[in-house]
Amino acid sequence: MSEDVFVLGGEKFASRLIMGTGGAPSLEVLDQALEASGTELTTVAMRRLDPAARGSVLDVLRARGVRPLPNTAGCYTAGEAVLTARLGREALETDWVKLEVIADERTLLPDPIETFDAAEQLVADGFTVLPYIGDDPALARRLEQAGCAAVMPLGAPIGSGLGIRNPHNIELIVEAAGVPVILDAGIGTASDAALAMELGCDAVLLASAVTRAQRPDLMATAMRSAVTAGRLAHLAGRIPRRRYAEASSPGW
Amino acid sequence: MVPSLEVTPEATSAADVIVVGGGVEGLSVAWRAARRGMSVAVVDPDPGSGATHAAAGMLAPVSEVTYTEEPQLRLGLASLALWPSFRDELEDDSGVGLDYRSDGTLKIAYSADDMAVLDELATFEQTLGLRVERLTGRECRKLEPMLSPSIRGGMLARDDAWVNPRLVARALLAALDRHGGTLIAERAVELTPRGVRLASGTVAAAPRVVVAAGSWSSRLLPGLPVRPVKGQILRLRGPAGFLTRCVRGLVHGSPAYLVPRGDGEITVGATVEELGFDGRVTAGGVYELLRDARELVPGLTELELAETTVGFRPGTPDNLPLIGPVDAPWPAGESREVDVLAATGHHRNGILLTPITAAAAAAFLTGDAAPEIVKFCDPGRFAK
């Protein structure tokens, strides 16, 4: 399995679990969870962070050698998202951005039109754009055509822990995609993460499922195993579903 | 940085203890030390103006329980138990009332989703042996009629209390004065092997120094893992009795609290922002606080918005404070004339943890045994 690397934006990653940092009760608990998860890439919300501040979540990532991925969480318009992405580029010296433009604060569902608009501008500006979107195969394809480096469909709304509500759509997105598909948002427990990988996603991004768990380090370990298990199952190829039994040890 | 030893400006009159930082922690440590007969000086250009000025003053270890934070809970409960006698002594010594109230915290779930979170937490609290009562929405509103009819339900933590931190600071200053403590209204620049160098260049000399400078503590003790965690907090003014208890709410997943005072002031807080020493009050911060508070208590829009404040919680990696002896920042082998003690890093719980911090620091200063629970707060615990 050592050759099964995850390539995103031209960079190689051994871990297919991308973490978020929101929701942890303390930096120490976050640190333990990140260690247990084995993640190599972790999102940070640029609107809620001063990159120069000492002892912050960025210091935790630096000490662990985890690459920070700035996101545009909290933006409602393409204009804000582009501005926030540029702040992130300047502050963290990376042209990668997880693009997140939400439509309303109750559902936190992504606004497809603003997201597309921002993606076009950011791609033209030289960013490696990783957009958070609904589970919409048509939009995923359009964003890929617009030059995004990956697409990140949701399983369910952010923080809901509802799992993957429409596995069929995720499969359709995976089938058509020429860029990595990262299942983002909605993961509640390990089986959700495993399912995402079985459906053919290239990676999973999650935060609350770990940071708000009663034992975050333990859930992080579970997620790490689930992502690996789901990936292996996907590569191995599942057997066809049958209506009736078929003896596993034939009698002749 | 190595302190310069060539220039030794005349030291100010010596004391037994210099406390750097005149917030509730520093002042209470100084007061406790002065009561034990030590000569004490507090160094602070503007006492009570930091996190103490912003703090809401909830003494609420029960309703603040979080998974993974049992030591924090035990420490909070130990300090809550000390509060009534701390209050009595402080009110006696100062003649200042603290507006200490012990009617409990009412924790409200706004939506069914919020209720599920609260319910799970209540079960966790009960397994920890804490006294919490689940309430229906109507039961909550019977206790606090100003609550919105839309709230889903709640939980009463009867053992929680609250106090007005600004009155605590005022009382501590008066009590300290009464016991002969002095205030040096200057900024501390650095620790030296003889005491504390002040902004004016003089050294306040003392054999013992307590660093209780909140978020600024790591400027004096560079290795100390304290960072500022910005909080924006509002003060509304209305009729007394508008609310009678501390109300904490979970509104569509985001936490909010309202703390009523005897004079009708209601403190509404607070944002949690990792933005260093960013002292700006922002439109979004005020909006989010009022949005959530209004969901819980619709009538508050008629109250006066009397004040918007930014404070910096001194955060540590594990949310536990740093109380105890620390290595002084000058090079090893340097003559060690000063013992340095930290009493900082209280994050969200500075007011709650004031009595236990003062008791522990006073014990360290006099060589007595500190309360057993304070072992969780050893400043050296992060050294790997």
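In percent, rounded to a whole number, the relative contact order of chain A is 19, using alpha-carbon pairs under 8 Å and six or more apart.
Applying a DSSP loop filter and a limit of 16 other Cβ atoms within 10 Å to the trypsin sites (Lys or Arg not before Pro) in segment B:190-240 leaves nothing. Mean residue ellipticity, 222 nm, helices only, chain A: the sum of -39500 (n - 2.57) across DSSP H runs of n ≥ 4, divided by residue count and rounded to 500, is -12000 deg cm²/dmol.
Relative to the longest principal axis of the Cα atoms of chain A, helix A:27-37 runs at roughly 40 degrees.
For chain B, the alpha-carbon radius of gyration amounts to 1.00 times the rule-of-thumb value 2.2 N^0.38 Å expected for a compact globular protein. If you take all other residues with their beta carbon under 12 Å from the beta carbon of residue A:171, and give Lys and Arg +1 and Asp and Glu -1, the sum is -3. Have a look at A:13, A:116, A:127 and tell me which one the Gaussian network model of chain A (Cα, springs below 10 Å) gives the largest fluctuation. Evaluated over chain A, the most mobile residue of the options is A:13. Here the protein assembly as shown is assigned +1 on the Cβ of each Lys and Arg and -1 on the Cβ of each Asp and Glu. Its dipole about the Cα centre then comes out at about 760 debye.
Put simply, the amide H of residue B:189, placed in the peptide plane, has neighbours under 5 Å in B:197, B:198, B:199, leaving out anything fewer than 5 places away on its chain.
Annotation for residue A:125 and residue B:282: the two label points, set 7 Å from Cα along the Cα-Cβ direction, are 1.7 nm apart. On full extension, the segment bounded by residue B:177 and residue B:363 gains 64.9 nm, given 0.36 nm per residue less the C-alpha separation.
One quarter of the surface of the convex hull around the alpha-carbon atoms of segment A:207-252 equals 5.7 nm², the direction-averaged projected area. Comparing A:114, A:93, A:40 in a Gaussian network model of chain A where C-alpha atoms under 10 Å apart are linked, the largest mean-square fluctuation is found at A:93. Grouping the Cα pair distances of the protein assembly as shown into 20 Å bins from zero gives a pair-distance distribution of 18, 46, 29, 6, 1, 0 percent in increasing distance order. Extending 7 Å from Cα along the Cβ direction at residue B:36 and again at residue B:103 yields two label points whose distance is 3.8 nm.
Each helix, a run of at least 4 DSSP H residues, gives -39500 (n - 2.57); summed and divided by the residues of chain B, these come to -9000 deg cm²/dmol at 222 nm.
Taking the C-alpha atoms only, the angle from helix A:78-92 to the longest principal axis of chain A is near 80 degrees.
In this structure, residue B:240 and residue A:59 have a Cβ-Cβ separation that, at R0 = 41 Å, corresponds to a calculated FRET efficiency of about 0.35.
Sorted ascending by nearby beta carbons within 10 Å, beginning with the fewest, A:202, B:159, B:92 become B:92, B:159, A:202.
Shown is the FRET efficiency for residue A:52 and residue A:103, computed with R0 = 22 Å from the Cβ-Cβ distance and rounded to the nearest 0.05: 0.10. How many angstrom lie between the Cα centre of segment B:351-374 and the Cα centre of segment A:141-155? Measuring centre to centre over Cα atoms gives 57 Å. Computed over segment B:1-136, the percent of Cα pairs more than 24 Å apart is 52. Comparing A:15, A:27, A:244 along the charge dipole axis of chain A, the residue lying farthest to the positive side is A:244, per the Cβ-charge model. Label zone of residue A:35 (point 7 Å out along Cα→Cβ, amide N under 20 Å): in segment B:300-327 this covers B:316-321.
The stretch between residue B:49 and residue B:254, if pulled fully straight at 0.36 nm per residue, gains 71.0 nm over its current Cα-Cα span. Between the C-alpha center of segment A:1-77 and that of segment B:246-267 there is a gap of 33 Å. Under the simplified labelling scheme, the residue A:11-residue A:243 pair shows an inter-label distance of 5.1 nm, with each label point 7 Å from Cα along Cα→Cβ.
Normalised by the number of residues in segment B:163-204, the mean separation of alpha-carbon contacts (under 8 Å, six or more apart) gives a relative contact order of 21 percent.
Between residue B:14 and residue B:123, full extension at 0.36 nm per residue minus the direct alpha carbon distance yields a gain of 33.8 nm.
Each of B:282, A:227, A:127 was scored by the projection of its Cα onto the charge dipole of the protein assembly as shown, and the greatest displacement toward the positive side belongs to A:227; charges sit on the C-beta of Lys, Arg, Asp and Glu.
With r as the distance between the Cβ atoms of residue A:146 and residue B:187 and R0 = 60 Å, compute the FRET efficiency 1/(1 + (r/R0)^6) and round to 0.05. That gives a FRET efficiency of 0.65. Here is the size of segment A:6-236 from its Cα atoms: Rg then Dmax, 15.9, 46 Å. Counts of other chain beta carbons within 10 angstrom of each beta carbon in peptide A:19-29 average 4.
Since every read-out is calculated from the coordinates, none of them should be taken as a lab result. What you are looking at is a predicted structure, and each value in this text was computed from that prediction instead of being measured. Here the Cβ is made from the backbone with ideal geometry for all residues, glycine too, and neighbour counts use every protein chain on show.
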